[in-house]
Amino acid sequence: MDLKKYIRSIPDYPKKGILFRDITTLIKNAEAFKFTNDRIVEIAKTIDFDKVAAIESRGFVFASTVSYLLNKPFVLLRKKNKLPADVHSIDFKLEYGDATIEVHKDSIEKNEKILIIDDLIATGGTAEAAAKLIEISGGKVAAFIFVINLFDLPGNNLLKEKGYKTQSLIEFPGH
């Protein structure tokens, strides 16, 4: 299945100069959504990991399927002030501003291998912050799985240069 035809591209969103790759058109198509989740699960089965983590919020859409089907605990990486218990926090830069993600301090045990799933890798700021959050929690990043890699933006290469394994289902230019 050609998943690219299910991704909507929106120019100048959320700000001028950004070409936003929208997965809502993929997830509203039952066949494309099932195919995408099946492929992610197939990839996840090849990775040695203890828990699956997802970056708020679109990562939750795909990681919950992996958690359920592979019987792995699910760790939420959330925006600032969304988790009720004690948290670890990481501040980072986005293409269009600053952000913070957090994880509960009791979500990850020492040396647990964590698979991180998100919808898209662009500049890599969010993914790198997620990896740091896993590491300050005592865990190790097993790998990343993305639905989309924006291949002409530095994110995927940034992660690989830092020694992280990454896989993506489809690639688009980021501009």
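Out of segment 124-172, which residues are touching a residue at least 40 places away in the same chain (Cβ under 8 Å) and under 19 Å from Y13 (Cα atoms)?
T126, I148, L150, F172
Considering only residues that are modelled with pLDDT of 95 or more, more than 16 Å from G139 (Cα to Cα), surrounded by fewer than 24 Cβ atoms within 10 Å (Cβ to Cβ) and not charged (D, E, K, R), which ones fall in segment 45-62?
T46, F60, V61
What about D38, is it assigned to a loop (DSSP other than H, G, I, E, B) and at negative phi?
no
Output the residue which, of all residues in segment 100-129 that are among the acidic types (D, E) and part of a strand (DSSP E or B), is farthest from G163 (Cα to Cα).
E102
From the set of residues in segment 12-35 that are in contact (Cβ under 8 Å) with a residue 24 or more places away in the chain and either assigned to a helix (DSSP H, G or I) or within 18 Å of the chain's Cα centre (by Cα) (or both), which is farthest from G174 (Cα to Cα)?
Among residues in segment 12-35 that are in contact (Cβ under 8 Å) with a residue 24 or more places away in the chain and either assigned to a helix (DSSP H, G or I) or within 18 Å of the chain's Cα centre (by Cα) (or both), the one farthest from G174 (Cα to Cα) is E31.
Can you find, within segment 38-74, the residue that is nearest to I121 (Cα to Cα) among those that are of a type in the set (V, I, T) and under 12 Å from the mean Cα position of the chain (by Cα)?
I55
Look through S9, S67, S89 and report the one residue that is surrounded by 16 or more Cβ atoms within 10 Å (Cβ to Cβ) and either of a type in the set (V, I, T) or not in a loop (DSSP other than H, G, I, E, B) (or both).
Working: S9 fails: surrounded by 16 or more Cβ atoms within 10 Å (Cβ to Cβ); S89 fails: surrounded by 16 or more Cβ atoms within 10 Å (Cβ to Cβ).
When all the criteria are applied, what remains is S67.
Residues of segment 45-62 being of a type in the set (A, V, I, L, M) and part of a loop (DSSP other than H, G, I, E, B), which ones? Walk me through how you get there before you give the answer.
To start, the set of residues in segment 45-62 that are of a type in the set (A, V, I, L, M) comprises 47, 52-55, 61.
I47, the sole residue that qualifies.
The values are calculated or read from the model by the stated rules, or taken from the named source; none is laboratory data. Please read these numbers as outputs of a predicted model, since none were measured by experiment. Every residue, glycine among them, receives a Cβ derived from its backbone with ideal geometry; neighbour counts consider all protein chains shown.
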